[in-house]
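Encoded as structure tokens, the structure appears first; notes follow it.
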Protein chains: 4
Amino acid sequence: MIYFNCDYMEGAHPNILKRLQETNMDKTVGYGDDPYTESAKARIREACDAPDSEVMLLVGGTQTNDVVIASFLQPYQGVIAPTNGHIARHEAGAIEHSGHKVLALPGENYKLSAEQIREYCWLYYKDASKDHMVMPGMVYISQPTESGTLYSLGELTEISRVCRADGLPLYVDGARLAHALACPSNDVTLGALARLTDAFCIGGTKCGALFGEAVVAPDPALLPHFFTVIKQHGALLAKGRLLGVQFDTLFTDDLYFRISRHAIDMAEQLKGIFRECGIPFALNSPTNQQFVILESTFMEALREKVRFSFWEKADDTHTVVRFATGWSTTEEDLAALRDILVSSNL
Amino acid sequence: MIYFNCDYMEGAHPNILKRLQETNMDKTVGYGDDPYTESAKARIREACDAPDSEVMLLVGGTQTNDVVIASFLQPYQGVIAPTNGHIARHEAGAIEHSGHKVLALPGENYKLSAEQIREYCWLYYKDASKDHMVMPGMVYISQPTESGTLYSLGELTEISRVCRADGLPLYVDGARLAHALACPSNDVTLGALARLTDAFCIGGTKCGALFGEAVVAPDPALLPHFFTVIKQHGALLAKGRLLGVQFDTLFTDDLYFRISRHAIDMAEQLKGIFRECGIPFALNSPTNQQFVILESTFMEALREKVRFSFWEKADDTHTVVRFATGWSTTEEDLAALRDILVSSNL
Amino acid sequence: MIYFNCDYMEGAHPNILKRLQETNMDKTVGYGDDPYTESAKARIREACDAPDSEVMLLVGGTQTNDVVIASFLQPYQGVIAPTNGHIARHEAGAIEHSGHKVLALPGENYKLSAEQIREYCWLYYKDASKDHMVMPGMVYISQPTESGTLYSLGELTEISRVCRADGLPLYVDGARLAHALACPSNDVTLGALARLTDAFCIGGTKCGALFGEAVVAPDPALLPHFFTVIKQHGALLAKGRLLGVQFDTLFTDDLYFRISRHAIDMAEQLKGIFRECGIPFALNSPTNQQFVILESTFMEALREKVRFSFWEKADDTHTVVRFATGWSTTEEDLAALRDILVSSNL
Amino acid sequence: MIYFNCDYMEGAHPNILKRLQETNMDKTVGYGDDPYTESAKARIREACDAPDSEVMLLVGGTQTNDVVIASFLQPYQGVIAPTNGHIARHEAGAIEHSGHKVLALPGENYKLSAEQIREYCWLYYKDASKDHMVMPGMVYISQPTESGTLYSLGELTEISRVCRADGLPLYVDGARLAHALACPSNDVTLGALARLTDAFCIGGTKCGALFGEAVVAPDPALLPHFFTVIKQHGALLAKGRLLGVQFDTLFTDDLYFRISRHAIDMAEQLKGIFRECGIPFALNSPTNQQFVILESTFMEALREKVRFSFWEKADDTHTVVRFATGWSTTEEDLAALRDILVSSNL
């Protein structure tokens, strides 16, 4: 069996496990007040060119989105997000559990535009019933999006401008941020995110860590008592050092970027194989997730030899499926996939 | 420096780290649907002599308490707990964030009695205003308690009886359960917990795991859609296998009990040293946490050489402090502490 | 100035005020445990042909929706509603404040179809990620809808069938129910609502009461401890008798239906005037709310003499506005409006 | 039967009902944007000598407490209140439903002292675990208290000083405020409340209104988007004019104070009767609620002729009961009670 179903099927990148091993018997206090966490935060601040930012390390993605959003919003506010954004669809109502409405806007290619946000706010502010409605209180987007598409620097700059004009904190969910940063076509750097957003997270889980999301908040004053909010949401890791060691390792010797460059390189080769075999793409993704359209009977047969993810039905006889590469994808995996596809006489 | 300040100062027990290393490159799907988790659950069910129970693996303690309590309670219900219980004091309002009142009763030695619970419910049900009040919906206790004391099998049986008579699910927070199970004076087994409670958790973090709490629910029907509740609370670990591997290891070859027996053995030796040096105990704890009374000036001097935790002021010139042993405490640590105390001419 | 802007511009129907006056000095206990409330409940049960139903009297509409929905749903569930339903748009996030997602489906003419609900649930239950999603837990619709359209008995029966097949409680928001019941084209009676739904409310505020919504729950077991939930949401009126007196009066001598028949009669005459004056309808409403399209400049001029409500822009030069009739609308009001419109030379 | 069981057993003071009658057919828009509400707010501002304050009119007491507290607090904060305060005991968990912990302190005579608050905050701020705890975010007290006792101007000034020093908004629940204001021994005026608190409410329900609580917020900036919070909590009355008319009437020609002076006058006479009959007081209340100790067998016999409220058991053979006077209590009621007591040969 060859595996392309997702980018977090193994434990951790060996460097990380090695570092956990080396530091295992060191004694530290808990809850992130340890030297590894301090070092990790310093490295992340430096990578983001944001020396005054607050960096907080959390365990999981839904948790991170919930905690950040609950911190930014007042009780009478909601969060603007694309209809198919993770918080709107696949977080089991975590945002609503914290009392907030997700103000979902249809996103083209899973992306929101600055113009959409501007128009939504404009309509809200001119609505005679606005005091009976949920006030837009922040904007949530993800980079890359759920479908692997990217915001360009131009698009993000424009969104940031609109958000600041309307007083809306902008939060970028970067659960797979590494795989955006490494794309040749990407022009949004960590530094740009720190300049243009009010918070973003740097995902570790899908880029070689056992787990972990680093929240970067350029202006810490916007997230007061953030530590207590983390605790209140059950999101505080007792042995916070584990997050520290992992992010410290990821941001040492460029590991985070080497991992993602490898994944993107594998994805580029994967795209070549699909093209070679005449398999059409459902959409043009520059990142480590590739969405192709398979004839459904063929898809069922292929499942016997290759793991991938169902995405959605294309039509009665075709299905969109997702192939993902990651730090552990090998040239051998690709060669094996090519052999299977070529010999299938599609 | 010697460290007795808490029982989770290192990473993990070496066996656990070794097993994480060995399984690191195995590919599994996420969210706990992997063979390690399956095996861990089977071993825990067996250890609890509860073949029909549901076992769910979560990351942290506050998270576990919040998710379990939110699952058991209806919106109009609250949870009975001791005034000094963890959920009542040190979880930053996590239970209230989920909409529930903690109905705090003063606990002697941090413990509730069956009689207290019975009386509270009796007063509630006969109160003419009861429909204007929060209905008691479950009972939370911890084993061992925050102060290291234990419920006896007799006490727990009686509490269970009262809870069942009043239709109150009983939940036992076992963040340090191992250290209760290993006490010579303890008579509450995992099997007894499975018989007498509606849910309890088996803490990993404080007993050699990197992290992890295993929730055991003898009657899974009482926690419907528990997986979704976990997700909604941001408590679902993407690489659930990490919890599986850890608990599978802890429940292989009796590791969980070997770890805790060692900690208790160290605690017994520690008690001997305190007795030898004439240091009085603030309370009689049979577990791995020992609470002693130090003259405050001496305490400050001792801090230069030994780490321990401030607990509370005893009087104007004395302080109660906590010494904790754990899987990593060594005979050398104890000998070094003894030397310091003996040479101090208390 | 003539007023058609809404159906709750005055205090109460004179009969109600008279009855409040007559009973004013009677002494009763609070919170609804008084003979007027008892009588009102009995009359409502009888009018609904539902002798075993629970009837609870609340003050306001958002409050009622919030309390009912919070009672039906488990924390991991959401409520299916039309995108433009009141709870989805104009209740300031009350449902989310209680922790629940509004699962909004686009409604044609503000209405959901049985087929939509069925398909939504079918997609949910077959989604491999469903445990990461909000579970549909009930259905909310309103009769009449926000735009004055009606569900037919056939449509409602079909929705009820789908809801029961999927275990979804069906709740009908009847803030303006009287104005549906009185429509000549309506075939959904109170009895039908009691047979087909799991709860519905009978609005008083917009039908001659000072305030008040009566919740009818055919199977009270579905709303356990409903009184306490009402109290918890701050929705319990101290002098509950005021609700009792009002609903008792409304359901005496057919007043509720006489009021609404008058409103519908006025609305029919209003429609005649619009037709006579060549003013086009934005949609075909059989109820007391009429939506017409006015040339925007004319609309501004008309505002000087007549009050109505802005609804939405039709195009760059036209606007949809709402005219509402009510128990207090008079033939004189209509004649005056006709004069203005006729003399306007549209 | 004579009635002393509570102060809201009738409808409304006749002046209020008369004014509702007079204004009934006036047409106004909803939600408090009407001239009666405007006038009521102006009169209340004037009575409080607080021209810049915001005044908002709500329907009920629990509702008011919930909305005000939810507006003041951040999600990570709780509200300090006496253990026996209304929000801590008799509001069915409304505050917790909005996500906040009630930080209950034992109150002597149902009252908190400035020193208690100061000490609680001091302990919190010096606690090494404070970031794992609920932050005190405001203070709730009531005037009069649940047991009819009063804060003196000196006590309130001291509490206000402590609250301001610690940045805690101070909120006074004045559900029965009229009955405090009218006490001869009271020295806390509306003006003092406006100077010393950050919000307080002026209860109408228990002082002659059908319903209604007026929230006065001296610095409106502390309650941003308060209207939307009211709506979100289901607390917005559609026909807001009803609140406007009632408070406008109460604050016209001193009615509010005339009503309460009458109630206090009746209470003073009631106290005289108890003294004359040798019935002991459970506590010394200067307000309209009197708490006396009855021999339990006698109490049961008395119930046949007089209505009063059970308060609590005094001992095995005695019971504390509450007698309340109000605007509708008459000299005849008192004379009849006296006759019964005197002829009872206690």
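Other residues whose C-beta falls under 13 angstrom from the C-beta of A:Thr319 contribute a net charge of -2, scoring Lys and Arg +1 and Asp and Glu -1. Long hydrophobic helices in chain D, taken as whole DSSP H segments with a C-alpha length of 24 Å or more on their own axis and mean Kyte-Doolittle hydropathy at least -1.0: D:255-276.
Taking the dipole about the Cα centre of the stretch C:1-81, with the C-beta of Lys and Arg at +1 and of Asp and Glu at -1, give me whichever of C:Val59, C:Ile69, C:Ala47 is farthest to the positive side. The Cα lying farthest towards the positive end belongs to C:Val59.
Within the protein assembly as shown, antiparallel bridges make up roughly 60 percent of the DSSP beta bridges whose residues both belong there. In percent, what relative contact order does the stretch A:194-345 have, based on Cα pairs under 8 Å that are 6 or more apart in sequence? Result for the stretch A:194-345 is 19 percent. The stretch B:264-291 and the stretch C:148-176 have their alpha-carbon centroids 67 Å apart. Computed from the C-beta positions of B:Lys313 and C:Glu332, the FRET efficiency with R₀ = 60 Å rounds to 0.15. Take D:Leu153, push a point 7 Å out from Cα through the beta-carbon direction, and compare it with the same point in every other copy: 6.7, 6.9, 7.1 nm, smallest first. Remark: mean inter-chain Cβ contacts per residue of B:56-68 equal 3, using a 10 Å Cβ-Cβ cutoff to other protein chain atoms. Summing +1 for each Lys or Arg and -1 for each Asp or Glu among the other residues whose beta-carbon sits under 10 angstrom from that of D:Tyr151 gives -2. Report the relative contact order of the stretch D:1-115, percent, no decimals, based on alpha-carbon pairs under 8 angstrom and at least 6 residues apart. Rounded, it is 16 percent for the stretch D:1-115.
The label-point distance for A:Met1 and A:Ala165, in a model that sets each label 7 Å from Cα toward Cβ, rounds to 5.2 nm.
Seen from D:Ala128, the other residues with C-beta closer than 12 Å to its C-beta sum to a net charge of -2, counting Lys and Arg as +1 and Asp and Glu as -1.
Which shape class applies to the stretch A:1-139: rounded if a/c is under 1.5, otherwise prolate when a/b exceeds b/c and oblate if not, where a ≥ b ≥ c are the square roots of the Cα gyration tensor eigenvalues? Judged from the Cα gyration tensor, the stretch A:1-139 comes out prolate (a/c at least 1.5, a/b above b/c).
Taking a ≥ b ≥ c as the square roots of the eigenvalues of the Cα gyration tensor, an a/c ratio of 1.5 or more together with a/b no larger than b/c marks the stretch B:82-187 as oblate. Between B:Gln74 and C:Glu304, the simple spin-label model (points 7 angstrom out along Cα→Cβ) gives 6.1 nm. Ordered from highest to lowest accessible area with the whole protein assembly present and a 1.4 Å probe, D:Tyr125, B:Tyr140 read as D:Tyr125, B:Tyr140.
The solvent-accessible area of B:Glu146, taken with every protein chain present and a 1.4 Å probe, is close to 50 Å².
Each Lys and Arg adds +1 at its Cβ and each Asp and Glu adds -1 at its Cβ; summed about the Cα centre, the stretch D:64-183 shows a dipole of about 120 debye.
Per residue of the protein assembly as shown, the DSSP helices (runs of n ≥ 4 H) give a summed -39500 (n - 2.57) that works out to -12000 deg cm²/dmol at 222 nm.
In this structure, C:Met25 and C:Asp253 have a Cβ-Cβ separation that, at R0 = 25 Å, corresponds to a calculated FRET efficiency of about 0.60. Applying 1/(1 + (r/R0)^6) with R0 = 25 Å to the Cβ-Cβ distance of C:Arg195 and C:Asn284 gives a FRET efficiency near 0.35.
The modelled label-to-label distance between D:Asp127 and A:Glu295, using points 7 Å beyond Cα along the C-beta direction, is 6.8 nm.
Chain B contacts chain A over a buried accessible area of about 4100 Å², both sides summed; the probe is 1.4 Å and only protein chains count. Could you please state, rounded to a whole Å, how far the C-alpha centre of the stretch B:84-145 is from the C-alpha centre of the stretch A:89-111? For the stretch B:84-145 versus the stretch A:89-111, the Cα centre distance is 34 Å.
Each Lys and Arg adds +1 at its Cβ and each Asp and Glu adds -1 at its Cβ; summed about the Cα centre, the stretch B:197-346 shows a dipole of about 420 debye.
Each Lys and Arg adds +1 at its Cβ and each Asp and Glu adds -1 at its Cβ; summed about the Cα centre, the protein assembly as shown shows a dipole of about 0 debye.
Taking every C-alpha pair closer than 8 Å and separated by at least 6 residues, the mean separation divided by the residue count of chain C gives a relative contact order of 26 percent.
Per-residue accessible area (protein heavy atoms, 1.4 Å probe) orders D:Ser344, A:Ser285 as D:Ser344, A:Ser285, starting from the largest.
The values are calculated or read from the model by the stated rules, or taken from the named source; none is laboratory data. Since the structure is predicted, the reported quantities are computational estimates derived from the model, not experimental observations. Heads up, the Cβs are rebuilt from the backbone with ideal geometry, glycines too, and the neighbour counts pull from every protein chain shown. These accessible areas exclude ligands, DNA and RNA; they are computed on the full protein's heavy atoms, side chains included. Shrake-Rupley method; radii C 1.70, N 1.55, O 1.52, S 1.80 Å.
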